[in-house]
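The values are calculated or read from the model by the stated rules, or taken from the named source; none is laboratory data. Keep in mind the model is a prediction, meaning the values are calculated, not measured. Glycine also receives a Cβ, built like all others from the backbone with ideal geometry; neighbour counts cover every protein chain displayed. Note: accessible area is taken over every heavy atom of the protein model, side chains too, but ligands, DNA and RNA are not part of it. Shrake-Rupley method; radii C 1.70, N 1.55, O 1.52, S 1.80 Å.
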Amino acid sequence: MRVVLVDDHEMILAGLQAMLAGFTGRVRVVGQAGTGAEATRLVTSLRPDVVLLDVRLGSESGLDLCRALTKRVPEARVVFLSVYDDEQYVFEALRAGAGGYLLKRVDGPELVRRLEEVAQGETVVDPTLAGRMAVTAARLTRGEFWPGADRGLTQRESEVLSLLVGGLSNKAIAARLVLSEETVKSHLRALYRKLEVADRSAAIAVALREGLFR
């Protein structure tokens, strides 16, 4: 199984290299990258079986990179290796096209086994998150969460989107929610990414089309 490692921390990359070195009969690291551009170049040229990717690459989004890689090289399965043990990240990762989501506390044998499963077409989730995901999915089905939760929106992002649909400006939203305008802009950037849109008008269109707010 040929693997490309993507993380913006040299220490993490070195640690993964050392961890996987004991499994040379099953895994071969063919490249590593610290930025989205470098990862895209490597994955496009090397065509690995699996890309092991962090959720955040400095100021870049691993989720956006996952979407790009799965479109460019669909045969390369993406597995997120993250410190974020939040099931909403898992939902976002799977929605972005990932084949798995593991936590960085995974040990070598478990990591290799999970990568092999993904390479064979399975979808894997860290066991500590799988149970919580099942509960969250059940609650979403029953409609017990806020509008947009099934798209990965936090409760605060849902509130911001509701006010956006109501026609409020960033300044007005900030005043209503007792937030700074910069914090509102941060929430907007996050919900744009989760709704896969580029601006406020497109976000409003998605919210209305999907009946998130009436």
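Residues of the stretch 29-60 that are within 22 Å of the chain's Cα centre (by Cα) and exposed (fewer than 14 other Cβ atoms within 10 Å of the Cβ): ALA37, ARG41, THR44, ARG47, GLY58, SER59. The test for being at pLDDT below 90, of a type outside the set (D, E, K, R) and open to solvent by less than 20 Å² (accessible area, probe 1.4 Å) does not hold for GLY167. Among the residues of the stretch 186-206, the one identified as more than 22 Å from LEU65 (Cα to Cα) and under 21 Å from the mean Cα position of the chain (by Cα) is VAL206.
Which residues, counting only those in the stretch 42-71, are of a type in the set (Lys, Arg) and at pLDDT 95 or above?
Taking the stretch 42-71 as the starting set, the residues that turn out to be of a type in the set (Lys, Arg) are 47, 56, 67, 71.
Once the filter is applied, which keeps residues that are of a type in the set (Lys, Arg) and at pLDDT 95 or above, the stretch 42-71 yields only ARG47.
With respect to (1) in a strand (DSSP E or B); (2) within 17 Å of ARG114 (Cβ to Cβ); (3) open to solvent by 50 Å² or more (accessible area, probe 1.4 Å), the lone exception for ARG26 is condition (1).
The set of residues from the stretch 172-185 being over 22 Å from ASP64 (Cβ atoms) and crowded, with 19+ Cβ neighbours inside 10 Å comprises ILE173, ALA174.
Would you confirm, using the coordinates I've provided, whether LEU13 is touching a residue at least 40 places away in the same chain (Cβ under 8 Å) and either in the same structural domain as ALA76 (by the TED database) or assigned to a loop (DSSP other than H, G, I, E, B) (or both)?
Details: touching a residue at least 40 places away in the same chain (Cβ under 8 Å): no; either in the same structural domain as ALA76 (by the TED database) or assigned to a loop (DSSP other than H, G, I, E, B) (or both): yes.
It is false that LEU13 is touching a residue at least 40 places away in the same chain (Cβ under 8 Å) and either in the same structural domain as ALA76 (by the TED database) or assigned to a loop (DSSP other than H, G, I, E, B) (or both).
Every residue, every condition in (1) assigned to a helix (DSSP H, G or I); (2) in contact with a Leu (Cβ under 7 Å, 6 or more places away or on another chain), yes or no:
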position: GLN32; (1), (2): no, yes
position: LEU42; (1), (2): yes, no
position: SER45; (1), (2): yes, no
position: PRO48; (1), (2): no, no
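The set of residues from the stretch 68-91 being open to solvent by 40 Å² or more (accessible area, probe 1.4 Å) and among the β-branched types (Val, Ile, Thr) comprises just one member, VAL83. Taken together, ARG41, ARG56, ARG72 contain a single residue that is without any contact (Cβ under 8 Å) to a residue 12 or more places away in the chain and outside the structural domain of ARG189 (by the TED database), which is ARG41.
This table checks each residue for (1) under 21 Å from GLU38 (Cβ atoms); (2) without any contact (Cβ under 8 Å) to a residue 40 or more places away in the chain.
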{"position": "LEU63", "(1), (2)": "yes, no"}
{"position": "ARG77", "(1), (2)": "yes, no"}
{"position": "PHE91", "(1), (2)": "no, no"}
{"position": "GLY100", "(1), (2)": "no, yes"}
{"position": "LYS104", "(1), (2)": "yes, no"}
{"position": "ARG113", "(1), (2)": "no, yes"}
{"position": "GLU117", "(1), (2)": "no, yes"}
